[in-house]
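Peer 1: Questions regarding the structure given below will be posed in turn.
The values are calculated or read from the model by the stated rules, or taken from the named source; none is laboratory data. Given the structure is predicted, the values throughout are model-derived calculations rather than measurements. Glycine gets a Cβ as well: all are built from the backbone with ideal geometry, and neighbour counts include every protein chain shown.
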Amino acid sequence: MANPSSFYLTTPIFYVNDAPHIGHAYTEVAADVLARWHRQAGDDAWFLTGTDEHGQKILRTATANGVAPKEWADRLVESAWKPLLDTIDISNDDFIRTTDARHEEGVAKFLQKLHDDGHVYAGEFEALYCVGCEEFKPKSEIVDGTGEFAGEKVCAIHSKPLELLQEKNYFFKMSAFQDRLLALYEERPDFVQPASARNEVIAFVQQGLEDLSISRTSFDWGIPIPWDSSHVTYVWFDALLNYVTAIGYGQDDAEFARRWPANHLVGKDILRFHAVIWPAMLMAAGLEVPNHVFAHGWLLVGGEKMSKSKLTGIAPNEITDTFGSDAFRYYFMRAISFGHDGSFSWEDLSARYQAELANGFGNLASRVLAMNAKYFEGRVPETHDERPADAAIRELAARAAATADERISAFAIHEAIAAVWELVDALNGYITEQEPWALAKDPEQRDRLSTVLATATEGLRALAVLLSPVIPRATAKLWTALGAEAALGALADQPIRDAGSWGLLPAGTEQGQLAALFPRIETDTEK
Ligand code: MSP
């Protein structure tokens with residue numbers, strides 16, 4: 001029986017032909033924010049990421065670099081992909097490589113089952129293949145080349161020539177699942193999200209599904225087909241199975257039952273694999289289809305999908321070295337509507353860092369803590385009579401927490417952050433209006449001063465919890481400075497769905513110093 005509190009979240013597994021750029025880091029951060037939120041909400045969360053290491057693309061890169069493919073993959077995983085997770089503070093629970101024994105064994109079991117159950121047959125095939133996509137291209141994605149590729153057929157995504165492949169392959173009878181897939185999209189409108197992605201998938205399947213070639217004989221860098229070792233498994237068929245082999249498919253039934261089905265985050269370029277091929281594979285194997293497949297947009301540079309092969313790739317540490325990992329995470333989650341394309345620019349990043357993180361949130365935190373230090377000996381002040389302005393903050397905190405939680409469950413990360421940011425802005429406005437520095441000059445206003453700063457401090461407590469999935473480093477510093485670590489325990493243990501409750505941080509709690517959360521950066525924004 002499905003575990004109702006399970007929240008199993010996956011990223012695509014990344015090709016190890018090259019080092020990561022900010023497009024890859026974007027998927028990771030989005031998944032990480034969702035995973036941290038659900039974990040802190042008390043769900044049985046599990047967050048998987050990893051690497052896709054077989055297939056022609058990796059083989060060719062390794063060969064061009066004069067090393068065996070496994071050696072190449074090991075090198076890239078250790079020197080580039082695992083370090084990326086530290087660079088941007090990813091809290092994954094597991095990391096799967098398609099060269100792991102657990103994966104290779106699981107893929108063989110799955111294939112054998114499909115073969116035994118009559119879903120696989122041998123046939124001949126000839127079609128145009130894109131090694132960049134590792135896919136036989138549908139007509140809609142084959143275009144005429146220009147420039148050096150004029151006169152050739154090229155891939156619409158990679159703008160590189162397609163190769164005519166002709167082989168004897170094994171085929172998965174995917175066409176047999178067309179009606180069941182259409183029924184799935186109909187019955188579960190939130191299976192593919194956002195709506196634009198769902199429409200695209202439905203239109204694609206309505207055109208008619210073909211069977212899928214699932215093996216190759218022209219090279220051997222892949223998982224052998226269990227009943228015919230002269231073939232290796234098609235890299236996408238192999239890769240998609242990581243989502244089940246990582247949680248014990250065929251090996252640990254209890255773990256599998258606890259986690260499955262998954263929620264998949266994918267870039268829109270790989271939507272079809274996840275929303276068509278993958279559920280058809282699962283249906284054939286008698287397994288449940290995923291809960292959701294959410295397709296996010298692309299990071300664009302100069303109006304085009306940013307990519308290394310088009311030389312527009314930006315390495316994540318080019319940003320984090322200057323702005324820090326929190327700013328990286330905040331910027332991409334806040335500035336881009338999740339599910340839509342978004343353009344990256346250094347100017348926008350710099351402007352948001354200064355206005356929202358440094359002046360908006362960071363400054364609020366330092367001002368309140370500095371006033372508590374100055375007027376209340378560094379302790380959380382007491383609340384006296386609540387006035388409408390204080391009540392408005394309390395009510396807004398409750399609303400922000402509830403809205404953010406609801407928006408996160410709908411994968412609308414940017415809207416969740418915007419809801420929380422209303423509290424940042426409201427608190428800044430509240431302090432400007434209440435003028436605690438003026439109240440401090442009048443001994444008769446001592447209680448009022450205390451209430452204002454208590455309200456602001458409690459607001460910071462709520463913000464630290466609500467923003468911790470997005471900016472874990474800054475909120476951890478704030479948590480300690482608030483004295484909340486000692487009074488309430490670790491930040492990661494604070495139930496996020498209760499973050500909007502009021503009066504949690506006890507009056508009298510001893511507070512500490514807070515260094516600037518987002519220090520001023522002298523940066524060349526023309527970079
Ligand atoms: N290996 C396959 C996925 C297999 S999943 C079973 C793959 N790998 S990838 O490394 O090319 O891409 C991984 C993810 O990075 C995809 O979701 C892709 O959309 C995302 N991005 C790559 N470039 C991107 C941008 N410029 N912008 C946003 N995301 C992008 O595909």
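Peer 1: Output the residue which, of all residues in the range 1-33 that are within 11 Å of the ligand (Cβ to nearest atom) and part of a strand (DSSP E or B), is surrounded by the most Cβ atoms within 10 Å (Cβ to Cβ).
Peer 2: Thr10
Each row is one residue, and each column tells you yes or no for (1) hydroxyl-bearing (Ser, Thr, Tyr); (2) in contact with a His (Cβ under 9 Å, 6 or more places away or on another chain); (3) assigned to a loop (DSSP other than H, G, I, E, B); (4) on the phi > 0 side of the Ramachandran plot.
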| position | (1), (2), (3), (4) |
| --- | --- |
| Ser140 | yes, no, no, no |
| Leu165 | no, no, no, no |
| Ala176 | no, yes, no, no |
| Asn199 | no, no, no, no |
| Ser218 | yes, no, yes, no |
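Peer 1: Among the residues of the range 269-292, are any modelled with pLDDT under 95 and within 11 Å of the ligand (Cβ to nearest atom)?
Peer 2: Keep residues of the range 269-292 that are modelled with pLDDT under 95, which gives 269.
Going one step further and asking which of them are within 11 Å of the ligand (Cβ to nearest atom), we end up with 269.
Looking through the range 269-292, at least one residue is modelled with pLDDT under 95 and within 11 Å of the ligand (Cβ to nearest atom).
Peer 1: Take Ala197 and tell me if it is more than 18 Å from Glu105 (Cβ to Cβ) and buried (at least 17 other Cβ atoms within 10 Å of the Cβ).
Peer 2: Numbers: more than 18 Å from Glu105 (Cβ to Cβ): yes; buried (at least 17 other Cβ atoms within 10 Å of the Cβ): yes.
Criteria met by Ala197.
Peer 1: Could you grab me the full set of residues in the range 432-451 that are closer than 20 Å to Gln513 by Cα and surrounded by 20 or more Cβ atoms within 10 Å (Cβ to Cβ)? Working first, answer last.
Peer 2: Step one: filter the range 432-451 for residues closer than 20 Å to Gln513 by Cα, giving 436-437, 450.
Listed by number, the residues that qualify are Pro436, Ser450.
Peer 1: If I ask for residues that are within 16 Å of the ligand (Cβ to nearest atom) and either acidic (Asp, Glu) or not in a helix (DSSP H, G or I) (or both), which ones from the range 34-56 would you list?
Peer 2: Those that are within 16 Å of the ligand (Cβ to nearest atom) and either acidic (Asp, Glu) or not in a helix (DSSP H, G or I) (or both): Phe47, Leu48, Thr49, Gly50, Thr51, Asp52, Glu53, His54, Gly55.
Peer 1: Regarding the range 381-390, can at least one residue be identified that is part of a helix (DSSP H, G or I), aliphatic (A, V, I, L, M), out of contact with any strand residue (DSSP E or B) (no Cβ under 6 Å at 6 or more places or on another chain) and closer than 18 Å to Ser501 by Cα?
Peer 2: Let us first name the residues in the range 381-390 that are part of a helix (DSSP H, G or I), namely 388-390.
This time we only want the ones that are aliphatic (A, V, I, L, M), so: 389.
In the following step, the residues that additionally are out of contact with any strand residue (DSSP E or B) (no Cβ under 6 Å at 6 or more places or on another chain) were identified as 389.
Checking the rest, the ones that are also closer than 18 Å to Ser501 by Cα come to 389.
For the range 381-390, residues part of a helix (DSSP H, G or I), aliphatic (A, V, I, L, M), out of contact with any strand residue (DSSP E or B) (no Cβ under 6 Å at 6 or more places or on another chain) and closer than 18 Å to Ser501 by Cα: present.
Peer 1: Give all pairs with beta carbons closer than 7 Å in which a residue from the range 285-307 that is charged (D, E, K, R) meets a residue that is within 9 Å of the ligand (Cβ to nearest atom); count only pairs at least 6 apart in sequence or on separate chains.
Peer 2: Glu304/Thr312; Lys305/Trp298
Peer 1: If you don't mind, another one. Sort out which residues of the range 1-21 are touching a helix residue (DSSP H, G or I) at 6+ places or on another chain (Cβ under 7 Å) and within 26 Å of Thr99 (Cβ to Cβ), and write them in order of number. It would help to see each step written out before you state the result.
Peer 2: At the first step, the residues of the range 1-21 found to be touching a helix residue (DSSP H, G or I) at 6+ places or on another chain (Cβ under 7 Å) are 3, 6-17, 19-20.
Of everything in the range 1-21, those that are touching a helix residue (DSSP H, G or I) at 6+ places or on another chain (Cβ under 7 Å) and within 26 Å of Thr99 (Cβ to Cβ) turn out to be Tyr8, Leu9, Thr10, Thr11, Pro12, Ile13, Phe14, Tyr15, Val16, Asn17, Ala19, Pro20.
Peer 1: Here is a further query. List the number of the failed condition for Phe344; all other conditions in (1) modelled with pLDDT of 95 or more; (2) crowded, with 19+ Cβ neighbours inside 10 Å hold.
Peer 2: (1)
Peer 1: Do we have any residue at all in the range 156-164 that's within 16 Å of the ligand (Cβ to nearest atom), closer than 30 Å to Ala412 by Cβ and touching a residue at least 40 places away in the same chain (Cβ under 8 Å)? First the steps, then the outcome.
Peer 2: Within the range 156-164, the subset within 16 Å of the ligand (Cβ to nearest atom) is 156-160.
Within this subset, residues satisfying the condition of being closer than 30 Å to Ala412 by Cβ are 156-157.
Filter once more, keeping what is touching a residue at least 40 places away in the same chain (Cβ under 8 Å): 157.
Among the residues of the range 156-164, at least one is within 16 Å of the ligand (Cβ to nearest atom), closer than 30 Å to Ala412 by Cβ and touching a residue at least 40 places away in the same chain (Cβ under 8 Å), which makes the answer yes.
Peer 1: I've got another one for you. Could you tell me whether any residue of the range 497-508 is surrounded by fewer than 21 Cβ atoms within 10 Å (Cβ to Cβ), in contact with a strand residue (DSSP E or B) (Cβ under 6 Å, 6 or more places away or on another chain) and in contact (Cβ under 8 Å) with a residue 12 or more places away in the chain?
Peer 2: yes
Peer 1: Enumerate the pairs (first residue in the range 351-372 and buried (at least 20 other Cβ atoms within 10 Å of the Cβ); second residue anywhere and small (Gly, Ala, Ser) and outside any helix (DSSP H, G or I)) with beta-carbon separation below 7 Å, excluding pairs fewer than 6 apart on the same chain, so at least 6 apart or on different chains.
Peer 2: Qualifying pairs under 7 Å: Gly362/Ala516; Asn372/Gly378.
Peer 1: Report yes if some residue within the range 57-77 is in contact with a Pro (Cβ under 7 Å, 6 or more places away or on another chain) and under 30 Å from Asp321 (Cβ atoms); otherwise report no. It would help to see each step written out before you state the result.
Peer 2: Residues of the range 57-77 that are in contact with a Pro (Cβ under 7 Å, 6 or more places away or on another chain), as a first pass: 58-59, 62.
After this cut, where a residue has to be under 30 Å from Asp321 (Cβ atoms) as well, the list is 58, 62.
For the range 57-77, residues in contact with a Pro (Cβ under 7 Å, 6 or more places away or on another chain) and under 30 Å from Asp321 (Cβ atoms): present.
Peer 1: Taking Thr233, is it within 14 Å of the ligand (Cβ to nearest atom) and buried (at least 22 other Cβ atoms within 10 Å of the Cβ)? I'd like the intermediate steps shown before the answer.
Peer 2: Numbers: within 14 Å of the ligand (Cβ to nearest atom): yes; buried (at least 22 other Cβ atoms within 10 Å of the Cβ): yes.
Criteria met by Thr233.
Residue-wise test of (1) assigned to a loop (DSSP other than H, G, I, E, B); (2) within 14 Å of the ligand (Cβ to nearest atom); (3) under 25 Å from Asn169 (Cβ atoms); (4) under 28 Å from the mean Cα position of the chain (by Cα).
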| residue | (1), (2), (3), (4) |
| --- | --- |
| Val77 | no, yes, no, yes |
| Ala80 | no, yes, no, yes |
| Leu84 | no, yes, no, yes |
| His103 | no, yes, yes, yes |
| Lys109 | no, no, yes, no |
| Gly123 | no, no, yes, no |
| Tyr129 | no, no, yes, no |
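Peer 1: Condition check: over 19 Å from the mean Cα position of the chain (by Cα) and either without any contact (Cβ under 8 Å) to a residue 24 or more places away in the chain or within 19 Å of His24 (Cβ to Cβ) (or both). Does Trp236 satisfy that? Let's see the steps before the verdict.
Peer 2: Working: over 19 Å from the mean Cα position of the chain (by Cα): yes; either without any contact (Cβ under 8 Å) to a residue 24 or more places away in the chain or within 19 Å of His24 (Cβ to Cβ) (or both): yes.
Criteria met by Trp236.
Peer 1: So, in the range 302-311, exactly how many residues are within 8 Å of the ligand (Cβ to nearest atom) and either in a loop (DSSP other than H, G, I, E, B) or crowded, with 20+ Cβ neighbours inside 10 Å (or both)? First the steps, then the outcome.
Peer 2: The first filter runs over the range 302-311 and keeps only residues within 8 Å of the ligand (Cβ to nearest atom), leaving 305-307.
Subsequent filtering for residues that are either in a loop (DSSP other than H, G, I, E, B) or crowded, with 20+ Cβ neighbours inside 10 Å (or both) retains 306-307.
Counting residues in the range 302-311 that are within 8 Å of the ligand (Cβ to nearest atom) and either in a loop (DSSP other than H, G, I, E, B) or crowded, with 20+ Cβ neighbours inside 10 Å (or both) gives 2.
Peer 1: Consider the range 249-265. How many of its residues are more than 16 Å from the ligand (Cβ to nearest atom), buried (at least 17 other Cβ atoms within 10 Å of the Cβ) and either closer than 22 Å to Phe14 by Cβ or polar (S, T, N, Q) (or both)?
Peer 2: Here the count works out to 1.
Peer 1: Return the only residue of Ile413, Ile431 being farther than 30 Å from Arg36 by Cα and within 36 Å of the chain's Cα centre (by Cα).
Peer 2: Working: Ile413 fails: farther than 30 Å from Arg36 by Cα.
Checking each option against the conditions leaves just Ile431.
Peer 1: Go through (1) within 21 Å of Pro472 (Cβ to Cβ); (2) near the ligand (Cβ under 9 Å from one of its atoms) and name the single condition Arg329 misses.
Peer 2: Checking Arg329 against (1) within 21 Å of Pro472 (Cβ to Cβ); (2) near the ligand (Cβ under 9 Å from one of its atoms), the one that fails is (2).
Peer 1: Can you report the number of residues in the range 200-231 which are free of Cβ contacts under 8 Å to residues at least 40 places away in the same chain and more than 30 Å from Pro189 (Cβ to Cβ)?
Peer 2: So the answer is 3.
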